[in-house]
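**Student:** Okay, here's the structure, questions in a sec.
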Amino acid sequence: MTAVDTDLALQRCIEPNCRAQYGINEQIYVCPQCDGLLEIVAPKIATDAATLRSLWQARLASLDQRDLSGVWRYRELLPFADEVTIFSLAEGNTPLYDAPRSAQYCNLKQLKLKHQGCNPTGSFKDTGMTTAVTQARILGAGTVACASTGNTAASLAAYAARANLKCAILVPRGQVSLGKLAQSLDYGAAVLEIDRNFDEAMRVIRELAEDKSIYLVNSINPFRIEGQKTVAAELAQQCTWQAPDHVVMPGGNLGNSSALGKGFQELFDLGLIDRLPHLHVVQADGAAPFAQLYAQYEQEIPTQNPSLTPVKNPETLATAIKIGDPVSWKKALGAVKQTGGRVLSVSEQEIADAKAVIGRDGIGCEPASATTVAGIKRLVKSGVIDTNDTVVGILTGHLLKDANYIIDYHQNKLHSYESGSGGSEAGTRITGTFSNPPKQVKADKGSILEVLESHKVPRFEGPGS
Ligand code: F0G
């Protein structure tokens, strides 16, 4: 939590001209005075960095429910009393993989990928959902709700089931991958499909949440951000408290980049890391309002009051980040500026190829997550990242979230979106550069050996190849 001179955690408006403060248990999502985003601030932590490190290290060997969670293990950073009943699925605890083939593809000596898709419902959303649903129960909410491109919905549905809460999710019909939809149905949520895009769903759900019996858990909710920020602590611990030079992640509604920015800043303030990694955010070309804003910011003299122009009809096959009007852009811009990061966008072809390369590392991810490796490749090419730098890419969702996309890519049948205003790629075929289609074989040993003989493992040129 951002530390202030107060005895209690509180909610505070992020707008520099407002900074209004509210009680931790007031059910608000934006500042009632100026509509600004809210963040949680808390009393200074009295414990020193060395003690926190050894406390968190010791908890890795504990079987206590809180310690088994990769979020609640870092509870000194969270705005909850110790005695609170938590709703956890042992989230977090995600691996930091070495990804040598992806490194070669990006022209890096080394690349690590933190796979948030290894969370219980297969995406990073779980780390924020455990705290948001815990807060929902503290507030006595009967129903929790969100708008979603699929993963927030699946995650909320699972945690609502654990907490015995009614769950309403609003999704754009026909634009959510089947895996994610299936999860939400199985976890028992009311799945409400609308014939509009995610941004419209977000608008409607915010209206719905004006009713106090409904608790909104999109990432505009600052308790989501609190859980998600602990990923910075888990990552830093996995790097033996040496912050990497760069951390790269996809950007959609921009809650995750806001959370990682807050997380790293708090670790730095506590003396747990001695520098901030550059935080870079990557979007898809057809859904890149934040990258467009950043490009303006870079070209013109940075203004005091930048404003984001929404993309009206966002388009990308990476449906998780098909978002034109991200709610948390001000927080995310703060994180990028504070850490000297960049915001960029990549094409559908770059996303698809990067995804296949991540697969060849034996790791895999869903399409939106692959923007990271596509973005890292670009950042190395343009000299923002040096070949020798330490780089961590955040993979946000599991490979099985969107199986149709993968099958189409490997059979050379993947087409970028058909219509809409986004980008120049509408309706074009994605080349299966690293395609690996299934092969029909006769059911005999000789035929199988023949096919195996011609099956090549692709090589990627780069340092160490
Ligand atoms: N990657 C995946 C797999 C996602 O599901 C999302 C967002 C993002 C990246 C972008 O993260 O919004 O914090 O910038 N999915 C949301 C959802 C919008 O409804 O599941 P963000």
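The values are calculated or read from the model by the stated rules, or taken from the named source; none is laboratory data. Just so you know, these numbers come straight off a predicted model, no measurement behind them. Every residue, glycine among them, receives a Cβ derived from its backbone with ideal geometry; neighbour counts consider all protein chains shown. In case anyone asks, the SASA skips ligands and DNA or RNA and just uses the protein heavy atoms, side chains included. Shrake-Rupley method; radii C 1.70, N 1.55, O 1.52, S 1.80 Å.
**Student:** With a cut-off of 8 Å between alpha carbons and a minimum separation of six or more residues, what is the relative contact order of segment 321-465 in percent?
**Tutor:** Relative contact order for segment 321-465 comes out at 17 percent.
**Student:** Quick one: order Ile407, Ile28 from most to least accessible surface, probe 1.4 Å.
**Tutor:** Ile407, Ile28
**Student:** Helix 289-299 versus the longest principal axis of the chain: what angle, 0 to 90°, nearest 10, using Cα atoms?
**Tutor:** Computed tilt is about 80 degrees.
**Student:** At a threshold of 8 angstrom on Cα-Cα distance, excluding pairs fewer than six apart, so keeping six or more, what relative contact order does the chain reach in percent? Provide the component values of the computation, followed by the final result.
**Tutor:** Values: 991 pairs, mean separation 77.5, N = 465.
For the chain, the relative contact order is 17 percent.
**Student:** With all protein chains present and a 1.4 Å probe, how do Phe268, Phe460 order by accessible area, largest first? Kindly include the intermediate steps, with their values, before the conclusion.
**Tutor:** On the way: Phe268 85, Phe460 10 Å².
Solvent-accessible surface, decreasing: Phe268, Phe460.
**Student:** When ligands, DNA and RNA are left out and all protein chains stay put, how many square angstrom of accessible area per residue does the chain have with a 1.4 Å probe? Walk me through the intermediate numbers first.
**Tutor:** Details: 19430 Å² over 465 residues.
About 42 Å² of surface per residue is accessible.
**Student:** Per the Kirkwood formula on distinct C-alpha pairs, the Rh of segment 1-147 is how many angstrom? Walk me through the numbers on the way to the answer.
**Tutor:** Numbers: mean 1/r = 0.0563 Å⁻¹.
Answer for segment 1-147: a Kirkwood hydrodynamic radius of 17.8 Å.
**Student:** Could you pull the Rg and Dmax for segment 34-87, using just the Cα atoms, both in Å?
**Tutor:** 13.6, 46
**Student:** Would you compute, from DSSP H runs of 4+ residues alone, the mean residue ellipticity of the chain at 222 nm, taking -39500 (n - 2.57) per run and dividing by the full residue count, rounded to the nearest 500? Mind dumping the intermediate values first?
**Tutor:** Values: 15 runs with 166 residues, N = 465.
Dividing the helical sum by the residues of the chain leaves -11000 deg cm²/dmol.
**Student:** Decide, for segment 163-220, between rounded, prolate and oblate: order the square roots of the alpha carbon gyration tensor eigenvalues as a ≥ b ≥ c, take rounded if a/c falls under 1.5, and otherwise choose prolate if a/b is larger than b/c, else oblate. All intermediate terms of the calculation are to be shown ahead of the outcome.
**Tutor:** Details: a/c = 2.21, a/b = 1.14, b/c = 1.94.
It is oblate, given that a/c is not under 1.5 and a/b is not larger than b/c.
**Student:** What's the carbon and sulfur percent of segment 203-331's accessible surface, probe 1.4 angstrom, rounded to a whole number? The partial results should precede the final answer.
**Tutor:** Numbers: 2190 of 4530 Å².
The computed percentage sits at 48.
**Student:** Any idea which of Ala90, Ala20, Leu60 is furthest toward the positive side of the dipole for segment 6-110, if Lys and Arg beta-carbons carry +1 and Asp and Glu beta-carbons -1?
**Tutor:** Towards the positive end, the residue furthest out is Leu60.
**Student:** Rounded to two decimals, what is the ratio between the C-alpha radius of gyration of segment 57-144 and 2.2 N^0.38 Å? Intermediate results must be reported in sequence, preceding the final value.
**Tutor:** Working: Rg = 16.3 Å, N = 88, 2.2 N^0.38 = 12.1 Å.
Expressed relative to 2.2 N^0.38 Å, the Cα Rg reads 1.35.
**Student:** Report the Rg/Rh value for the chain, based on alpha-carbon coordinates and the Kirkwood definition of Rh.
**Tutor:** On the way: Rg = 21.7 Å, Rh = 22.5 Å.
My calculation of the ratio gives 0.96.
**Student:** Cα centroids of segment 93-160 and segment 319-337: how far apart, whole angstrom?
**Tutor:** That distance is 16 Å.
**Student:** Rounded, prolate or oblate: which fits segment 80-205, taking a ≥ b ≥ c as square roots of the Cα gyration tensor eigenvalues, rounded meaning a/c under 1.5, else prolate when a/b beats b/c? Walk me through the numbers before you get to the answer.
**Tutor:** Working: a/c = 2.53, a/b = 1.36, b/c = 1.86.
The shape class here is oblate.
**Student:** Ok, one more. Please report, in debye to the nearest 20, how large the charge dipole of segment 343-388 is about its Cα centre when each Lys and Arg carries +1 at its beta carbon and each Asp and Glu carries -1 there.
**Tutor:** Working: 5 positive and 6 negative charges, 20 e Å.
That gives a dipole near 100 debye.
**Student:** Let me check something: with ligands and nucleic acids excluded, how do Glu300, Glu315, Glu453 order by accessible area (1.4 Å probe), largest to smallest?
**Tutor:** On the way: Glu300 105, Glu315 25, Glu453 140 Å².
Per-residue accessible area, sorted high to low, gives Glu453, Glu300, Glu315.
**Student:** Relative to the longest principal Cα axis of the chain, at what angle does helix 329-339 sit, 0 to 90 degrees, rounded to 10?
**Tutor:** Its long axis makes an angle of about 80 degrees.
**Student:** Would you mind telling me the antiparallel percentage of the DSSP bridges in the chain, rounded to 5? Write down the numbers at each step before the final one.
**Tutor:** On the way: 13 of 45 bridges.
Taking every DSSP beta bridge with both residues in the chain, the antiparallel ones total about 30 percent.
**Student:** Mind grabbing the accessible area of Cys239 for me, 1.4 Å probe, Å², rounded to tens?
**Tutor:** Only protein atoms counted, so the area is about 30 Å².
**Student:** Bin width 10 Å, alpha-carbon pairs only: give the P(r) of segment 249-402 as whole percents, running from 0 to the bin holding the largest distance.
**Tutor:** Spelled out bin by bin, segment 249-402 gives 12, 41, 36, 11, 1 percent.
**Student:** Now for a different question. Using a 1.4 Å probe, how large is the accessible area of Asp48, given in Å² and rounded to the nearest 10?
**Tutor:** 80 Å²
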